[in-house]
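Since the structure comes first, as structure tokens, the remarks are kept for the end.
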Amino acid sequence: MKSTITSILEPQPREWYREGTTAYEGGCSQHGTPPCHDPIVASVLLSNALSEDIRWAVCQRGLDSLPKPR
């Protein structure tokens, strides 16, 4: 399922993410933890057909690989 980036924000506090997710645990949502232990540089809001409120934490490598929001 294709997701669309709606916003790229400064890194948000742990409580901003859903409990039990990789982002909530301090890891990169794209790469998981382990193996990604890089610092989180941004929080990303995404939407798709199932949800308008998907919240990711991403490292610089993950941010660089995302398409730019429209």
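The values are calculated or read from the model by the stated rules, or taken from the named source; none is laboratory data. In this text the structure is predicted, and so the values were computed from the model without any measurement. Here the Cβ is made from the backbone with ideal geometry for all residues, glycine too, and neighbour counts use every protein chain on show. In case anyone asks, the SASA skips ligands and DNA or RNA and just uses the protein heavy atoms, side chains included. Shrake-Rupley method; radii C 1.70, N 1.55, O 1.52, S 1.80 Å.
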Accessible area of the chain belonging to carbon and sulfur atoms, whole % at 1.4 Å probe:
51 percent
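Where does the charge balance sit around Tyr24 when Lys and Arg score +1, Asp and Glu -1, over other residues with C-beta under 12 Å from its C-beta? Intermediate results must be reported in sequence, preceding the final value.
On the way: positive: Arg14, Arg18, Arg55; negative: Glu15, Glu19, Glu25.
Every neighbour counted, the sum reads 0.
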Relative contact order of the stretch 4-65, pairs being alpha-carbon contacts under 8 Å that are 6 or more residues apart, as %
36 percent
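Please find the FRET efficiency linking Tyr24 to Ser65, where r is the Cβ-Cβ separation and R0 is fixed at 22 Å, and quote it to the nearest 0.05. Could you put the intermediate results ahead of the total?
Numbers: r = 22 Å, r/R0 = 0.98.
The pair Tyr24/Ser65 has a calculated efficiency of 0.55.
What net charge do the residues around Ile40 carry, taking every other residue with its C-beta under 15 Å from that of Ile40, with Lys and Arg at +1 and Asp and Glu at -1?
Details: positive: Arg14, Arg55, Arg61; negative: Glu10, Glu15, Glu25, Asp38, Asp64.
That works out to -2.
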